[in-house]
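Student: The structure follows.
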Amino acid sequence: MFARRRLERKIDALNVKVDLILDHFGIQQLPALPIVPIKPASTTTHSAAGGFAEVDELMAQGKKIQAIKRYRELTGAGLKEAKDAVEHRYPY
């Protein structure tokens, strides 16, 4: 509860700063940006047809680092996201 309030206060402070910057540069309104939903890594489909069979095989062999590298190659995910996804899929 307190963390949420603190986060809301930070967001409010950032909004004030952005408004000050916009006023300083004489910008009346920001252009609308498209909203693109982002799927969490845990909800992506991991099918063997998608190349994830290689990740499965590497994990079965105990080659966690190689599995994370391969996951990154297949998905374009960052290091932390790939590590979390592989560890979530293979908790052992």
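Rule-based calculations on the coordinates, nothing more; no lab input. Predicted, not measured: the structure shown is a model, and the values here were computed from it. So basically every Cβ, Gly included, is an ideal-geometry build from the backbone, and we count neighbours across all protein chains shown.
Student: Just to confirm a number: summing +1 for Lys and Arg and -1 for Asp and Glu over residues other than residue 3 whose beta-carbon lies under 14 angstrom from that of residue 3, what do you get?
Tutor: It works out to a net charge of +4.
Student: Something else: May I ask you to list the aspartates and glutamates whose Cα is less than 18 Å away from that of residue 10, ignoring any residue fewer than eight positions away on the same chain?
Tutor: 19
Student: In whole Hz, what ³J(HN,Hα) sequence does the stretch 70-85 give by Karplus (6.51, -1.76, 1.60; θ = phi - 60°), x for Gly and Pro?
Tutor: Per-residue couplings from phi come out as 5, 4, 4, 5, 6, 10, x, 6, x, 4, 5, 4, 5, 4, 4, 5 Hz.
Student: In nanometres, what is the gap between the two model label sites at residue 21 and residue 60, each 7 Å from Cα along Cα-to-Cβ?
Tutor: 5.0 nm
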